[in-house]
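Enquirer: Got a structure here, written out as C-alpha cells. Questions coming.
The values are calculated or read from the model by the stated rules, or taken from the named source; none is laboratory data. Predicted model, so just to flag it, every value in this text is computed and none were measured. Don't worry about glycine lacking a Cβ; one is built from the backbone with ideal geometry, like all the others, and counts go over all protein chains shown.
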Amino acid sequence: MFDIFDCHCDTLTKAMWENKDLYKNDLHLDIDRLKGFGKAIQIFAIWLDMPYLNRAYENTIKAIDFFEQQLKIYGRYITSDIGDENKIRAILSVEGGEAVEGDMDKLHYLRERGIRLMTLTWNNENEIGYGAATGVDKGLKDFGKAVVREMNDTDMLIDVSHLNEKGFWDVYKISQKPFIATHSDSKALCNHCRNLTDDQLKAMAETKSMVGVNLYPPFIDGEKGSLDNIIRHIDHIMNIMGDKNTALGCDFDGIDICPENIDDVSKLNILYDRVNHIWGKEIADNIFYNNMLAFFKW
C-alpha cells in the first residue's frame with residue numbers, strides 16, 4: 001500500500017453533470033477506490049465544457065455546492081481539511097479562468113469558497129489570456145497579469161497547464177511565488193502544444209515550482225500511452241526539475257483514452273511499482289505523495 005497526492009482529476013464536474021455520486025461510480029475515480037491507498041489527497045478540478053461557459057461563474061458555484069454536499073454526505077471518509085490524515089483529503093481547483101468572468105471580486109469569492117488553485121486558461125482564449133490550443137503568440141492580458149498578482153496575494157496556486165507559452169513566460173516574470181503545471185508532460189519527448197519545453201521546465205525548477213505528470217496517451221507518445229513512455233517522461237522531467245519537484249497529475253475523467261493497463265485510479269500501483277523498481281521507494285513515495293504535500297504547504 002502506498003500514499004497518493006494527485007494534482008488533477010475532472011471527476012467532480014463529470015459526476016455532477018452525469019448525476020453520479022463521488023463515493024462510488026463507474027468513472028475513473030471515486031472515494032471508494034481512493035480508500036484503497038494508505039493516505040490519499042486528491043485535487044478535484046472544476047472544468048466546464050463549452051455548453052456551460054456562457055454562465056461560467058454560476059456553473060462553477062454549482063460545482064462548489066455539489067462538492068460541499070458530497071463532503072457532507074460522505075464526511076466519514078473525505079474532508080477538505082488537508083491536515084486530517086485519517087480521511088481522504090480533497091482540494092478544489094478551477095480549470096480555466098473563464099470562471100471569474102473578468103471580475104476580481106468573483107476571484108476573491110471563489111477563494112473564500114475554498115478554491116486553492118486556478119488553471120489560468122483551458123485550451124481557449126479567455127479574459128486572462130490564451131490557451132495552448134489557440135496558436136496565438138501573445139502573452140497574458142492586462143487582467144491576467146493582475147490575476148497573477150492577486151493570486152499571489154491571496155495564496156492561490158497558479159496553474160500553467162493549458163496556458164500558451166507566451167502566457168507561461170509572463171507568469172514566470174510576474175509571479176513572486178512558485179507555481180504549478182498540474183497535468184503536463186515533456187514537449188521534447190512528445191511534441192504536443194499542451195506539453196512543456198525544456199526551457200519551461202528549467203524555469204520552473206529555478207522557481208521551485210512543480211509539475212504533475214499527465215497520463216493522457218496523446219501527451220505521452222501520441223499512441224497508447226505505454227508504461228515505458230510514461231517512465232521516460234518522468235525521467236526527463238526529473239532530470240531537469242529534480243526528484244523533489246516532480247509529481248503526478250493523472251487527469252482522470254478529463255481524458256477519453258487511458259494509458260495502457262491504467263484505466264482507473266485503482267491501477268496506479270502498476271506505475272508505482274515500476275517507479276519503485278527503477279528509482280527506489282524514496283523517489284516513488286516522493287513523486288506519488290511527499291513532493292506535493294511539501295509543496296502545497298508553501
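Enquirer: Can we say N19 is in a loop (DSSP other than H, G, I, E, B) and more than 26 Å from N86 (Cβ to Cβ)?
Expert: Details: in a loop (DSSP other than H, G, I, E, B): yes; more than 26 Å from N86 (Cβ to Cβ): yes.
For N19, the condition - in a loop (DSSP other than H, G, I, E, B) and more than 26 Å from N86 (Cβ to Cβ) - is met.
Enquirer: To continue, here is another question. Across the range 274-296, what is the total count of residues that are under 23 Å from L117 (Cα atoms) and among the basic types (K, R)?
Expert: Total meeting the criteria: 0.
Enquirer: Taking the options Y23, Y52, name whichever one is closer than 30 Å to D273 by Cβ and surrounded by fewer than 19 Cβ atoms within 10 Å (Cβ to Cβ).
Expert: On the way: Y52 fails: closer than 30 Å to D273 by Cβ.
Result: Y23 is the single residue among Y23, Y52 that is closer than 30 Å to D273 by Cβ and surrounded by fewer than 19 Cβ atoms within 10 Å (Cβ to Cβ).
Enquirer: Read through the list (1) surrounded by 14 or more Cβ atoms within 10 Å (Cβ to Cβ); (2) over 16 Å from N19 (Cβ atoms); (3) at pLDDT 95 or above; (4) not β-branched (V, I, T), then give the number of the only condition that K72 fails.
Expert: With respect to (1) surrounded by 14 or more Cβ atoms within 10 Å (Cβ to Cβ); (2) over 16 Å from N19 (Cβ atoms); (3) at pLDDT 95 or above; (4) not β-branched (V, I, T), K72 is out only on (1).
Enquirer: Quick check: is even one residue across the range 72-94 without any contact (Cβ under 8 Å) to a residue 40 or more places away in the chain, closer than 23 Å to G249 by Cβ and assigned to a helix (DSSP H, G or I)?
Expert: Taking every residue of the range 72-94 in turn, none turns out to be without any contact (Cβ under 8 Å) to a residue 40 or more places away in the chain, closer than 23 Å to G249 by Cβ and assigned to a helix (DSSP H, G or I).
Enquirer: How many of the residues in the range 176-200 are more than 18 Å from I287 (Cα to Cα), polar (S, T, N, Q), in contact (Cβ under 8 Å) with a residue 12 or more places away in the chain and outside any helix (DSSP H, G or I)?
Expert: The total comes to 3.
Enquirer: Quick test of your reading of the structure: M118 fulfils all but one of (1) surrounded by fewer than 24 Cβ atoms within 10 Å (Cβ to Cβ); (2) on the phi < 0 side of the Ramachandran plot; (3) in contact with an Asp or Glu (Cβ under 8 Å, 6 or more places away or on another chain). Name the failing condition by number.
Expert: (1)
Enquirer: Could you list, in sequence order, the residues of the range 145-154 that are without any contact (Cβ under 8 Å) to a residue 40 or more places away in the chain and in contact with a helix residue (DSSP H, G or I) (Cβ under 8 Å, 6 or more places away or on another chain)?
Expert: Our first condition is that a residue be without any contact (Cβ under 8 Å) to a residue 40 or more places away in the chain; within the range 145-154, this holds for 145, 148-149, 152-153.
The answer is K145, V148, R149.
Enquirer: Moving to a separate point now. Do we find a residue being in a loop (DSSP other than H, G, I, E, B), in contact (Cβ under 8 Å) with a residue 24 or more places away in the chain and of a type in the set (F, W, Y) anywhere in the range 159-172?
Expert: At the first step, the residues of the range 159-172 found to be in a loop (DSSP other than H, G, I, E, B) are 160-162, 164.
Next, from what is left, pick out any that are in contact (Cβ under 8 Å) with a residue 24 or more places away in the chain: 160-162, 164.
Filter again for of a type in the set (F, W, Y), leaving none.
Checked against the condition, which is being in a loop (DSSP other than H, G, I, E, B), in contact (Cβ under 8 Å) with a residue 24 or more places away in the chain and of a type in the set (F, W, Y), the range 159-172 yields no hits at all.
Enquirer: Another one. How many of the residues in the range 185-221 are within 12 Å of the chain's Cα centre (by Cα) and either aliphatic (A, V, I, L, M) or under 15 Å from N291 (Cβ atoms) (or both)?
Expert: Here the count works out to 5.
Enquirer: May I pose another question? Outside any loop (DSSP other than H, G, I, E, B), modelled with pLDDT of 95 or more and under 20 Å from the mean Cα position of the chain (by Cα), is that true of I128? Before the answer, list the steps.
Expert: On the way: outside any loop (DSSP other than H, G, I, E, B): no; modelled with pLDDT of 95 or more: yes; under 20 Å from the mean Cα position of the chain (by Cα): yes.
It is false that I128 is outside any loop (DSSP other than H, G, I, E, B), modelled with pLDDT of 95 or more and under 20 Å from the mean Cα position of the chain (by Cα).
Enquirer: I've got another one for you. Residue pairs, Cβ under 8 Å, 6 or more apart or interchain, first in the range 52-69 and under 13 Å from Y109 (Cβ atoms), second assigned to a helix (DSSP H, G or I). List them.
Expert: From residues that are under 13 Å from Y109 (Cβ atoms), the pairs are Y57/A99; Y57/V100; Y57/K106; T60/A99; T60/L110; I64/L110.
Enquirer: Within the range 131-158, take every residue that is among the hydrophobic types (A, V, I, L, M, F, W, C) and not in a helix (DSSP H, G or I) and give me the one that is surrounded by the fewest Cβ atoms within 10 Å (Cβ to Cβ). Full working, then the answer.
Expert: Just the residues of the range 131-158 that are among the hydrophobic types (A, V, I, L, M, F, W, C), to begin with: 132-133, 136, 140, 143, 146-148, 151, 156-158.
Keeping just the survivors that are not in a helix (DSSP H, G or I) gives 136, 140, 156-158.
Numbers: V136: 14, L140: 25, M156: 22, L157: 25, I158: 22.
Filtering first and then ranking leaves V136.
Enquirer: For the range 40-71, how many residues are assigned to a loop (DSSP other than H, G, I, E, B) and touching a helix residue (DSSP H, G or I) at 6+ places or on another chain (Cβ under 7 Å)?
Expert: First, the residues of the range 40-71 that are assigned to a loop (DSSP other than H, G, I, E, B): 48-49.
Next cut, touching a helix residue (DSSP H, G or I) at 6+ places or on another chain (Cβ under 7 Å) only: 48.
Looking only at that region, the number is 1.
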